[in-house]
Structures are given as C-alpha cells and as structure tokens.
C-alpha cells in the first residue's frame with residue numbers, strides 16, 4: 001500500500017487506534033470516501049467508521065457561537081461604521097465598495113493570530129509617511145485629512161465589530177479559529193478520550209498550527225504530511241515551503257509519510273500544445289480512448305487546471321470510458337442563469353436610463369429567446385412569440401408597451417413579472433418578484449426535457465433564501481448597482497453537483513478536490529499561465545510589505561500553495577499528459593504555458609533520468625482550400641423563378657442591382673434574402689431620408705390632386721408662398737410625431753444622443769427646403785400645382801427575350817409630381833448629394849456603328865450613372881399613367897439644395913420619345929442577359945462585394 005490514504009488506514013489498523021474515539025481531520029471532503037474504503041479494505045470486515053471531517057467543518061462544530069453569514073456580517077459592520085464615524089458616515093453603497101475587503105482582512109487577522117492594535121497602528125503610520133509633507137509650512141489638504149481619518153478608525157471598527165458579534169452570540173470563521181486556538185479544551189467537550197489525526201495539510205494559518213501543536217504536545221494528535229523529498233529538501237522549491245515551515249513550528253525534522261518518488265521513479269510525461277483552447281478537450285478524448293486501458297480508468301484523473309473547460313471536456317468523453325464521476329460540479333455562473341440574471345438587471349437599468357416603463361426591444365428579444373422561456377413555452381406559444389417578433393421588426397418598435405403584446409395568459413404573467421420596475425425602497429419586493437418568476441418557470445418546465453434547467457433554477461432559488469432573510473432584517477436602501485452586487489454574491493459561487501460513483505471510474509476534478517488522493521494516470525487539461533497557478537490578486541487593504549511583516553499571506557504564498565497541490569499529484573503518477581493552449585488572446589499576445597511545465601522540463605529532468613518527456617503540437621483541422629468563384633447556373637428552376645419574379649413586380653433599383661452585380665440580384669430578389677431585418681435604434685441613412693419624405697408628404701398632402709393610389713381627390717388647391725410659410729411653422733411638430741411613431745416612443749419620453757442630433761438635422765434640412773420653395777414661389781410670383789405625392793405607378797412591358805415573350809411588371813413610388821409654370825415635373829427627393837454628372841446622358845460615341853453597339857454603350861452609361869436609370873423608369877411609368885411624358889424629371893438634393901434641382905440632361909437623342917424607345921430596347925437586352933443560360937449568375941469583379949458574394 002503506497003498511496004497516502006492507504007498508509008493512513010494501515011497506520012490506524014496497526015496501532016489499533018480506538019475508532020469510536022478517533023477524529024480524522026482532512027483538508028478535503030472528497031478524500032473522506034477514499035479513506036473509508038481504505039479502512040474497510042485494511043480491516044477486511046465491517047467496522048464503525050471513525051469521525052472523518054474537514055478542518056473548517058470541525059472548527060465550526062466546536063465553536064460556541066454560530067458562524068455569521070457574510071452578507072449579514074457586512075450589514076452589521078455598516079452599523080458599526082455609522083456609530084464609529086459620526087463626522088462623515090458613508091452611504092451603504094459607498095461602504096460596500098470597501099466593507100467586504102475589510103471583513104476579509106478581519107477574518108485573516110484572526111486566523112493568523114495578529115494583534116489588531118499593532119497592525120492597525122503600523123498601517124496608520126505607513127499612511128502617515130505616504131502623506132508626509134517635507135515642507136513644514138504646508139499642511140495636509142482636506143482630502144488627505146479625511147483619508148488619514150479612515151485609517152485611524154480601522155482599529156475601532158475591529159474592536160466594536162467583535163464586541164457586537166459577541167453580544168449577539170455570533171462569530172465569523174476567523175474568530176472561531178482564534179477561539180479554538182486559545183481555548184483548546186473545546187476539542188474535548190464531547191469526548192474526553194478523543195484522539196486526532198491531521199492528514200495531508202499544506203498551507204496552514206498560525207491558528208491551525210497552534211491547534212495542531214497543542215494537541216500533539218498533549219499526546220492527543222498525530223500529524224501526517226503528504227510530501228516528497230524532491231521538493232521538500234530543496235529550500236528554493238515553492239511546493240515544499242509550507243511543510244518546511246510546519247517542521248520548524250512543530251520542532252521536528254520529519255513527519256510521516258514523506259516519500260521519495262518524484263526524483264527516482266520512472267514516469268512518462270507528454271506535453272501537448274493546442275492551438276485552440278477547445279482542442280484540449282479533443283486531445284483528452286483521444287487519450288482516454290486510445291492511451292489508457294479500460295481496467296485503469298478507475299486509477300485515472302482528468303484534472304481541469306482551467307475549470308472553464310468542464311463543458312467541452314464532458315461533451316468529448318468517449319463512450320468506452322463508461323463510469324465517470326465529476327467532482328467539481330457545474331458552476332451556476334457557467335449556465336443559462338448567468339444570462340438570465342444579466343437580462344433581469346439590464347431591464348431595470350434600462351427602466352432607469354430611459355425613465356420609462358416601456359420594454360426596450362433588445363431586452364424583450366433576449367427574454368423570449370432565453371432557454372428558460374423556450375423550454376417553458378408550448379409550440380403554440382412559440383409561434384405567437386415569433387409573430388410578435390416579426391411585428392417588432394416590421395413596425396420598428398424600439399420600445400414596446402406591454403399591452404401591445406398578446407401572448408396568452410401564461411406568457412403575459414411572466415412578462416409582467418420580468419418587466420415590472422422594482423420598488424427601489426424595498427428590495428424584498430424585488431426578491432419576491434424574482435423568486436415568484438423563477439417558481440413559475442420551474443413549474444412550467446418539462447421534467448424530462450428540461451431537467452438541467454429545473455435543477456439550475458432550484459439551486460439558484462435556494463441560494464437567495466439567506467439574502468431574503470438579511471434584507472428583511474436590515475431593510476437596506478440600496479442603489480440598483482449595489483443590490484446587483486449583493487444579489488450576485490449569493491449565487492455566483494453555487495454549483496450543481498454531478499452524480500456518479502466517487503470511487504470507481506474516471507475521476508474528473510478541479511485541483512482542490514484532488515488533495516490526499518493519488519492516481520496512476522493523470523490528464524491535466526488547460527495548464528496555462530494564469531489558470532495554474534491562478535494570478536488573481538489578493539483583495540486587501542493591508543499593503544504587501546506590512547502583510548509580509550506580520551506573516552500574512554502574499555501572492556508568493558498563494559503560488560506556493562498551488563505548487564504543492566500540483567506536485568503532490570506527481571508522487572504516484574506513472575503516465576501524465578499535460579495540455580495547454582497557445583491561442584491568440586483577445587487583447588493581443590499569446591496564451592503562455594504554465595511555469596510548472598517549464599519547471600518539469602528544466603528542473604525535474606536533470607534530477608530524474610528515468611523521466612521520459614515528449615512534446616507534441618495539436619491543431620483542429622482548419623485547412624482553407626482555394627475556393628472557386630461561386631457561380632449559380634441558370635437551371636430550369638432558376639428561370640422559372642425569374643418568370644415569377646418579373647410577373648409579380650420589379651423596380652428600377654432591382655434592375656440597377658442586376659447591372660451592378662448579377663449575383664447580388666440573384667440573392668436579394670430571386671431568393672428574397674434581402675438584408676437582415678433589425679430594429680433601428682439610431683436613425684440610419686435610409687430612415688433619415690424617410691423622415692424628410694414623410695414629413696413633406698404630410699405637409700403637402702392637402703394640396704395634392706391625386707392620392708397615392710392615383711384616385712382624384714376633391715377640394716385640392718394650388719400652393720402659394722403663404723401656404724409654404726405655414727408649413728415651415730408646422731414641420732418640426734410633424735416630423736417629431738413621425739419620429740415618435742417610428743420608434744414607438746411614449747409622448748413624455750426624451751430624445752437623446754445621436755437620435756436627437758439626427759432629428760435636429762432633419763428638421764433643419766426640411767426647413768431649408770421649404771424656405772427655398774417659398775422663395776421660388778415669391779420670386780416667380782406663381783402658384784404650384786401638386787399633382788400627386790408618393791404616387792404608386794405601374795407599367796407592364798411585353799419583351800421579346802430569345803424569341804419568347806416575357807412579361808415584366810415595373811412598379812415605382814414617385815415622391816412628387818407637380819405642375820410649375822405650366823410644365824409637368826417628376827421630383828425625387830434625395831437626402832444624399834447629387835451632381836449634374838449624376839443625371840447626364842452623354843452622346844453615343846462614333847465607335848457604336850450598329851444598334852447593338854448603341855444598346856451596349858447605353859447599358860454602360862446606365863451602369864455608371866447614379867440616377868439616370870431611375871429617372872428613365874419614372875418617365876416610362878408616368879407615360880403609362882398619363883399618356884404623355886413629363887417636361888422634366890429631376891432630383892432635389894437636401895444636401896446641396898441650392899445647386900439644384902438636377903434635371904435629366906439628355907444629350908444622347910434629339911427627343912424624349914427617341915430616348916424612351918432606345919431605353920425599351922436596352923431593357924430588353926438587360927432582361928435577355930438575365931435569361932441567358934450560357935452565362936451563370938456570378939459576382940461582377942469590378943463591383944463591391946455584397947454580404948452574400950464575400
């Protein structure tokens with residue numbers, strides 16, 4: 001029997017220690033099962049187990065006072081703060097920023113048996129020196145004086161806090177350790193004949209050492225250490241530092257059961273560099289499947305040096321492994337509850353930010369897509385939710401009124417609970433609301449399909465019970481941010497235990513669970529710098545030099561603690577596989593291997609020639625093959641889609657897209673992909689122009705002869721300069737109403753940020769346009785007749801395409817048709833810039849000899865011109881409606897308003913009729929090319945790549 005736990009059992013058996021009077025104190029709860037099995041095997045018969053308990057639990061049991069909950073202790077410390085610091089008492093929110101750290105320091109001071117008065121005097125002196133002015137005439141500033149007062153009060157906080165707890169019959173954990181160290185008789189209150197064994201401890205506080213030392217000197221305790229000569233006899237090796245200190249404290253040269261295995265026995269260590277973090281899970285799966293015999297799986301440890309890898313590792317455990325026991329559990333912070341809590345508090349933050357009870361659309365979408373809600377809903381309810389989501393997109397609801405949602409009683413009840421503003425004065429109301437919400441979801445989840453989600457909610461709710469009790473007792477008035485911090489403190493460290501056989505099969509553990517347990521095979525996953533040893537700093541108000549002076553732990557001691565945990569596992573290991581990641585970090589740089597890997601390669605290999613080291617590189621296959629240019633052949637199915645599309649409707653922008661890039665046309669119009677729908681929160685370029693369009697339409701509509709469908713309206717009249725002047729007075733209110741309708745704002749909601757600026761600019765551009773319109777009417781002393789606004793016009797063409805007649809239905813919405821000074825005009829508003837070049841059709845060159853040449857050249861001109869194609873389509877649509885062509889078709893740019901209007905400049909033909917006849921032939925050619933089966937749909941390399949082509 002060479003394993004540490006086996007030797008403890010053998011010692012108890014050989015010495016015939018009385019099991020009924022024996023208490024075995026271990027650093028880990030997990031080792032208890034292993035020790036009980038070892039005792040059963042060595043006695044070879046049923047026995048009554050001795051008391052086996054962890055150090056923390058043992059001290060807690062012996063404490064004459066109950067251990068106070070950390071949150072309750074924090075509130076009690078705040079009460080002390082208010083009594084001690086009467087000059088400048090801080091709010092609860094300010095106190096919480098440093099109160100938790102101070103409590104942690106109090107706990108540590110008691111564990112290390114520190115004289116609080118000495119430490120706080122030293123601390124105040126240090127701060128005095130830091131603020132010392134060498135100019136004797138210069139006094140400390142008011143801020144420095146207040147800063148010094150804080151350090152002077154710390155000793156009073158400690159004294160009054162301990163007195164308060166004593167009066168209330170309570171204590172914190174550090175105080176319990178100090179009490180036992182100073183009153184060792186507490187260990188014998190239940191049984192005077194008790195014998196103790198302390199086994200496998202490494203980093204011990206002075207209180208723990210004092211307890212062990214007193215019991216050992218009384219002849220009531222034995223102390224066994226789990227260490228190896230390799231690092232114990234090397235005074236520079238951090239893994240043995242604490243045990244060397246323990247020898248000094250106990251005044252002994254050696255303790256049982258030190259072994260000499262790491263530096264002398266044969267071991268095989270494979271170190272595998274993985275380019276991606278998740279690749280380590282694949283590597284561990286391969287090792288389990290191919291590298292370890294099935295009969296050795298119960299002697300195998302899968303150690304998660306980086307516990308964030310627990311999910312990918314578990315998903316990749318191969319079937320041949322069979323029994324698997326996961327000791328570290330599934331942390332709640334790595335489950336869906338994390339995002340659930342995030343949404344919960346984000347909703348409340350948005351209520352405060354927007355000063356509204358409306359539901360912010362992103363919060364609602366995250367809510368309905370959360371796994372808890374999806375698991376809760378029936379198929380019918382999920383369909384109803386999908387419809388609501390489509391409505392939000394189509395109506396651009398930035399904010400949602402709860403009454404607008406018709407989702408049935410079950411979902412509505414959840415929505416009301418989730419999206420009701422919390423009462424800031426009473427947090428117990430918030431907790432009641434949260435717990436009621438979780439209870440409803442828990443009851444609605446299917447026990448078979450959603451067993452994990454139900455377990456998550458159960459453990460989450462259980463963690464909040466203590467918080468409810470604390471807030472009921474103290475009636476604290478907290479800001480939302482502080483309440484969130486307090487709330488998270490109660491659940492963030494909870495985990496869901498996996499159920500399995502703790503003795504047989506593969507053991508998956510975190511580092512702390514491995515204490516006292518030995519294995520033949522070990523796979524270490526995620527051994528990177530930062531994960532082991534961890535680099536998170538010590539939270540303390542005591543400077544590191546003062547901590548070292550008073551022998552309080554510093555980062556160096558923390559690193560030594562983890563070093564022993566890691567090296568201890570190498571005592572009995574014969575085969576070890578270590579993986580680490582070398583992936584690129586988000587903020588630059590590359591993940592580095594842990595220092596332990598370098599120490600093994602550079603130090604251990606020199607001491608033990610029997611160690612076999614192998615290094616490998618592993619990467620998930622990610623070969624990028626040279627992709628050919630994507631093309632879509634024009635099959636019968638594609639041609640049929642073309643027929644259906646053109647019969648249904650097409651537009652100037654669609655054909656212009658086909659000219660620019662046929663592949664873009666295929667995706668957007670034939671397949672109907674379009675662009676991803678999303679709610680606009682800030683005014684986009686297209687919407688910016690829409691606000692101006694819609695505002696002008698509203699202002700001008702009373703003067704239009706035809707409505708948007710082409711029907712004649714009664715009581716229309718001409719437009720004068722006076723009418724336009726009245727429009728200028730109304731335009732701001734009209735645009736603001738369009739703005740509020742678009743974003744679904746409540747009437748009292750403020751417009752802020754970019755949207756405020758965009759609205760101001762849109763109103764300014766609209767006023768400038770109306771001012772120019774008013775000036776033009778005054779200067780020309782005329783009246784303007786508005787024929788129509790946003791009129792929908794259609795034109796059906798019968799085109800001969802490859803000997804077949806194809807029907808092409810054009811549709812367009814013309815911003816404005818008017819009659820000014822006896823001339824019919826088509827006017828299109830643009831919020832972007834326009835130049836004369838954008839509306840010009842130059843002459844056909846002399847190179848064009850035939851009609852085909854002319855058409856080809858015309859196509860190039862249309863492709864390169866910004867607005868000509870659209871203007872010609874408008875001409876065609878106008879003709880089909882009214883039977884004649886307008887005198888002018890032009891663009892009014894809101895940006896360079898005073899340079900326009902920009903009318904179509906036709907230098908290609910003598911007459912408008914000739915131009916439109918050529919345009920029809922050109923359209924026939926464009927459509928024919930789209931039907932040409934010899935030419936596939938593919939990206940035009942001269943065009944920009946759209947989201948589909950790239």
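The values are calculated or read from the model by the stated rules, or taken from the named source; none is laboratory data. This structure is a prediction, so every number in the text was calculated from the model and none was measured. Note that we place each Cβ from the backbone using ideal geometry, even for glycine, and neighbour counts take in every protein chain shown.
The residue that is surrounded by the most Cβ atoms within 10 Å (Cβ to Cβ), among those in the stretch 162-189 that are within 22 Å of residue 29 (Cα to Cα) and more than 43 Å from the chain's Cα centre (by Cα), is 180.
Among the residues of the stretch 39-46, not a single one is over 26 Å from residue 301 (Cα atoms) and at pLDDT 95 or above. Here residue 649 fulfils each of the conditions (1) at pLDDT 90 or above; (2) within 25 Å of residue 871 (Cα to Cα) apart from (1). With respect to (1) crowded, with 18+ Cβ neighbours inside 10 Å; (2) touching a residue at least 60 places away in the same chain (Cβ under 8 Å); (3) over 27 Å from the mean Cα position of the chain (by Cα), the lone exception for residue 400 is condition (3).
Could you please find all residues in the stretch 599-614 being within 39 Å of the chain's Cα centre (by Cα) and in a strand (DSSP E or B)? Across the stretch 599-614, the qualifying residue is only 614.
Going through (1) out of contact with any strand residue (DSSP E or B) (no Cβ under 8 Å at 6 or more places or on another chain); (2) modelled with pLDDT of 95 or more; (3) within 27 Å of residue 565 (Cα to Cα) one by one, residue 215 falls short only on (1).
Among (1) exposed (fewer than 15 other Cβ atoms within 10 Å of the Cβ); (2) free of Cβ contacts under 8 Å to residues at least 40 places away in the same chain; (3) closer than 23 Å to residue 871 by Cα, where does residue 819 come up short? Status for residue 819: all satisfied but (1).
Table: residues versus (1) touching a strand residue (DSSP E or B) at 6+ places or on another chain (Cβ under 6 Å); (2) free of Cβ contacts under 8 Å to residues at least 40 places away in the same chain; (3) closer than 30 Å to residue 299 by Cα.
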site: 320; (1), (2), (3): no, yes, yes
site: 330; (1), (2), (3): yes, no, yes
site: 375; (1), (2), (3): no, no, no
site: 395; (1), (2), (3): no, no, no
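Within the stretch 290-325, the set of residues being closer than 23 Å to residue 2 by Cα and either within 32 Å of the chain's Cα centre (by Cα) or part of a helix (DSSP H, G or I) (or both) comprises 294, 295, 296, 297, 298, 299, 301, 302, 303.
Considering the stretch 230-239 alone, what residues qualify as being surrounded by fewer than 18 Cβ atoms within 10 Å (Cβ to Cβ) and in contact with a helix residue (DSSP H, G or I) (Cβ under 9 Å, 6 or more places away or on another chain)? It would help to see each step written out before you state the result.
First, the residues of the stretch 230-239 that are surrounded by fewer than 18 Cβ atoms within 10 Å (Cβ to Cβ): 233-236.
Scanning the stretch 230-239 gives 233, 234, 235.
Pairing residues of the stretch 929-950 that are within 28 Å of residue 801 (Cα to Cα) with residues that are at pLDDT below 65 and in a loop (DSSP other than H, G, I, E, B), at Cβ distances under 6 Å and at least 6 apart in sequence or on separate chains, gives 939/949. Scanning the stretch 239-282 for residues that are outside any strand (DSSP E or B) and either within 46 Å of the chain's Cα centre (by Cα) or touching a residue at least 24 places away in the same chain (Cβ under 8 Å) (or both) yields a total of 29.
Considering only residues in the stretch 255-275 that are closer than 30 Å to residue 590 by Cα and surrounded by fewer than 17 Cβ atoms within 10 Å (Cβ to Cβ), the one that is modelled with the highest pLDDT turns out to be 268.
Considering only residues that are more than 55 Å from the chain's Cα centre (by Cα), outside any helix (DSSP H, G or I) and at negative phi, look in the stretch 870-904 and name the one that is surrounded by the fewest Cβ atoms within 10 Å (Cβ to Cβ).
Of the residues in the stretch 870-904, the ones more than 55 Å from the chain's Cα centre (by Cα) are 879-888.
Those still in the list that are outside any helix (DSSP H, G or I) too: 883-888.
Filter once more, keeping what is at negative phi: 884-888.
Details: 884: 10, 885: 18, 886: 23, 887: 15, 888: 16.
Checked the stretch 870-904; the qualifying residue surrounded by the fewest Cβ atoms within 10 Å (Cβ to Cβ) is 884.
Consider the stretch 761-811 and keep the residues that are exposed (fewer than 13 other Cβ atoms within 10 Å of the Cβ) and in a helix (DSSP H, G or I). The one that is nearest to the chain's Cα centre (by Cα) is 764.
Quick one: is residue 430 in a helix (DSSP H, G or I), in contact with a helix residue (DSSP H, G or I) (Cβ under 9 Å, 6 or more places away or on another chain) and surrounded by fewer than 20 Cβ atoms within 10 Å (Cβ to Cβ)? So residue 430 fails the test.
Within the stretch 243-254, how many residues turn out to be buried (at least 20 other Cβ atoms within 10 Å of the Cβ) and farther than 24 Å from residue 605 by Cα? Let's see the steps before the verdict.
Taking the stretch 243-254 and keeping what is buried (at least 20 other Cβ atoms within 10 Å of the Cβ), we get 243, 246.
Within this subset, residues satisfying the condition of being farther than 24 Å from residue 605 by Cα are 246.
Total satisfying the criteria: 1.
Quick grid of which residues meet (1) out of contact with any helix residue (DSSP H, G or I) (no Cβ under 6 Å at 6 or more places or on another chain); (2) outside the structural domain of residue 323 (by TED's automatic domain parsing); (3) surrounded by fewer than 14 Cβ atoms within 10 Å (Cβ to Cβ):
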residue	(1), (2), (3)
451	yes, yes, yes
456	no, yes, no
461	no, yes, no
467	yes, yes, no
483	no, yes, no
486	yes, yes, no
491	no, yes, no
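Only one entry of 457, 471, 478, 467 meets the criterion of being part of a loop (DSSP other than H, G, I, E, B) and touching a residue at least 40 places away in the same chain (Cβ under 8 Å), and that entry is 478.
Per-residue answers, yes or no, for (1) over 23 Å from residue 489 (Cα atoms); (2) within 18 Å of the chain's Cα centre (by Cα); (3) loosely packed, with under 15 Cβ neighbours inside 10 Å:
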{"residue": "328", "(1), (2), (3)": "no, no, no"}
{"residue": "341", "(1), (2), (3)": "no, yes, no"}
{"residue": "344", "(1), (2), (3)": "no, yes, no"}
{"residue": "347", "(1), (2), (3)": "no, yes, no"}
{"residue": "359", "(1), (2), (3)": "yes, no, no"}
{"residue": "372", "(1), (2), (3)": "no, yes, no"}
{"residue": "378", "(1), (2), (3)": "yes, no, yes"}
{"residue": "383", "(1), (2), (3)": "yes, no, yes"}
